[in-house]
Each structure stands twice: as structure tokens, then as C-alpha cells.
Amino acid sequence: MPLVPMRILLDHAAENGYGLAAFNVNNMEQIQAIMMAAQKTDSPVIVQASRGARKYSNDAYLRHLMLAAVELNPKIPIAMHQDHGNSPETCMSAIKQGFTSVMMDGSLDESGKVPMDYAYNVAVTRKVVEAAHAVGVTVEGEIGALGGIEDGHGAGLDEEEVKLHLTNPDDAERFVADTGVDALAVAIGTSHGAYKFKRKPTGEVLKMDLIEEIHRRLPNTHLVMHGSSSVPEELLNVIRMHGGFIPETYGVPVKEIQRGIKHGVRKVNIDTDNRLAMTGAIRRAFDADPNEFDPRKYLGPAREAMAAVCEERMIAFGQAGNAGKIKVKTCRQMVAFYRRQSSKAARRKKR
Ligand SMILES: [Zn+2]
């Protein structure tokens, strides 16, 4: 099967009450790691690439690596998603490259650094929804701003500032009606990168109750949790034991993510945990044999370590066992779906 629109996976997850990890990729080993885990657990897959990833790997390499994943895993539905598109142009170029889903992050300006107002966010997101839905591609929007910076993207808000940019449920409701997005990223106190919380997060800093409120208002919108690596102590310790230095830091506990999944979270973005796992494995390999210089001898274990994290998350979020159960639709088939949806909305407006 070709790459599938992400909406198909999110809908199936919503109907069956599970969540999907969305893993970031930059190279062959990371794509292979995700597919190894998906094969093992029969999981549908969301692979995502940031602007930084597309620049690093080059769109052509990325596209062909994804096509290889599709060719080698014919029974697994795979969606390819643009993470944090900074402009309609970025989203359009992703669609041209074969991405089946795009995020238009209009919560920040085009530099990806400055929080923007509601009107700007709606204008750019609406534009992407119109163009993407016309070709059956899924769209994720964002309202509210996350902390931290990753791949140069982010306003660099700290734990305190993040509290001022949490998603307002009224805005979220209005935003979905005004834009028609398929999925909505919400700011609930998480940050990008490895340094999310200075101590174990409580309800004070990680606002899971906000997710519950937004889901009550928007029961049919797929919610997305960004910055949702768990930053497990075991992964940090492998790095520390083999010469690396990572100060004390905490992520989003898997248990809290599972609580989110009970309340409408369908996509959970994971990057840091995989980075930590790969780095730890590479450090361990060099430590074990300082004479080693065959890249396969450290990239191989790195790939294994990332696959283990992916597998764990796929099981914890409930997507395991679902790859074979999804009735796949193509982007072309989704075009008709969106047409019906928008004429229904127009009729509602007339009344
Ligand atoms: Zn993000």
C-alpha cells in the first residue's frame, strides 16, 4: 500500500481508544528502527520529519527511504508527516514530496521563534487546510505555545513562561471551527527537547486536566501531545555511565500520556527518547572497544536501542496489534471525504 493519510490512522485510534506515537526521523537507521518495532508489534506508523530533518537528510533521500519502508512493510499502514511547518510554503513543499500529513504551526511566526496572535494562526492554518484537503492530505494545527526549542524551532519559553501560553479551551474550540484542522496540538505545559521539567512533574506544571477540558469541548478533534518524551532515567544513565553528561531532568511519564489517550489524545510526539537511546548505545559501543571504527558496529546497536524504545511506546499507547485492522484509504479517497465534510459545514452555516 502507498503512504496513507494520517487522518485514517487517527480515526481508527479514536474509534478504538488508543494513541499513536509519532517518531521523528533524520536518517536510514531511525526509519529502520521504527519499522522493526512496528513489524514486531503489528503497529500502524506515523513517521515525521521536521524542517531541520528535511534539510539534513535532503527531501529526495527521505522520500526514497520512506518508499523503501513502504515496499518492505506492505501490511503496515504508514503516514508521513511534516512536523512544525512554519509557513504554508513549507507545508506545500512537503505535500509535493509525498508527505501525507502536514502540521501548520501558526502559533509561532515564520522564524519559528515568536508567538503570534489568533488571527494570524487562523489565516495561515486555514490556507493550508484548504490546499491540503483538496488533495486528501491531513492537517495538524497548534494553539498555545510549547516550551523549549528543538531544531531551531520554539520560542524558548521556560517552565514559568510556558504557564502563560497554555491552550485556552475557548480558543481551541473556536480555532477548530475556524480552520477545519483534523488534529490539534495543545500546549499543556510540556516542552521540546530533553529539559522539560526540573523535578518530577505534578498537576501544577503538567496540565492533564486541560486536555480533559479540551476533549470535552472538542470530542471529535484528534488531540496531539508535543514534547512528550518520557526522558527515562535508565536512558540518561547509559549516557552518563559512558562518559556523557546530562544534568538532572524529567519528561512526561508514560502514565500521564495514557491518561491523555483516555481523553482524546491520538498522536504523541516522541523524539528525545530515541535520541537518548541512540546516543547511549553509541557511547557504550565506543567505550567497550575504543579501537572500533566500523560505523555498523555503533549505528547497528543505536538502531536496536531506538527500536526497543519505539516498541515500548507502541505497546504502552495501545497501537500495537492494530496495523492489520485498519481499512486503508488513499489520499485520493480522502478528497471526497473532505468535500462532503465542507458541504455539510456550509449547510450548517446557512441554517
Ligand atoms: Zn512539537
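Using θ = phi - 60° and the Karplus relation 6.51 cos²θ - 1.76 cosθ + 1.60, list the HN-Hα couplings for the range 270-277 in order, rounded to whole Hz, with x at every Gly or Pro.
Using θ = phi - 60°, the values come out as 10, 9, 3, 4, 5, 4, 4, 4 Hz.
Using a Gaussian network for the chain with springs between C-alpha atoms less than 10 Å apart, which of these wobbles most: 296, 63, 259?
Comparing 296, 63, 259 in the GNM, the peak value goes to 296.
Given the -39500 (n - 2.57) contribution per DSSP H run of 4+ residues, what per-residue ellipticity at 222 nm results for the chain, rounded to the nearest 500 deg cm²/dmol?
-15500 deg cm²/dmol
For residue 198, which lysines qualify as cross-link partners when the Cα separation must be under 18 Å and same-chain residues fewer than eight apart are set aside?
Leaving aside lysines fewer than 8 places away in the same chain, those within reach of residue 198 are 163, 207.
Helix 118-133: angle to the longest alpha-carbon principal axis of the chain, degrees 0 to 90, nearest 10?
The angle comes out near 90 degrees.
Select from 165, 242, 81 the residue whose mean-square fluctuation is largest in a Gaussian network model of the chain (Cα-Cα springs shorter than 10 Å).
Its mean-square fluctuation being the largest, the pick is 242.
Within the range 33-158, how many Lys pairs that are eight or more residues apart, or on different chains, come under 25 Å at the alpha-carbon?
7
Angle, helix 208-217 long axis vs. longest principal axis of the chain, Cα atoms, 0 to 90°, nearest 10?
The angle comes out at about 30 degrees.
Taking the Cα centre of each part, how many Å lie between the range 55-102 and the range 158-223?
26
Could you work out which residue, out of 131, 79, 194, moves most in a Gaussian network model of the chain, that is, has the largest mean-square fluctuation with Cα springs under 10 Å?
131
FYI, it's all coordinate maths here, none of it is from the lab. Owing to the predicted nature of the structure, the values given are computational and were not obtained by experimental measurement.
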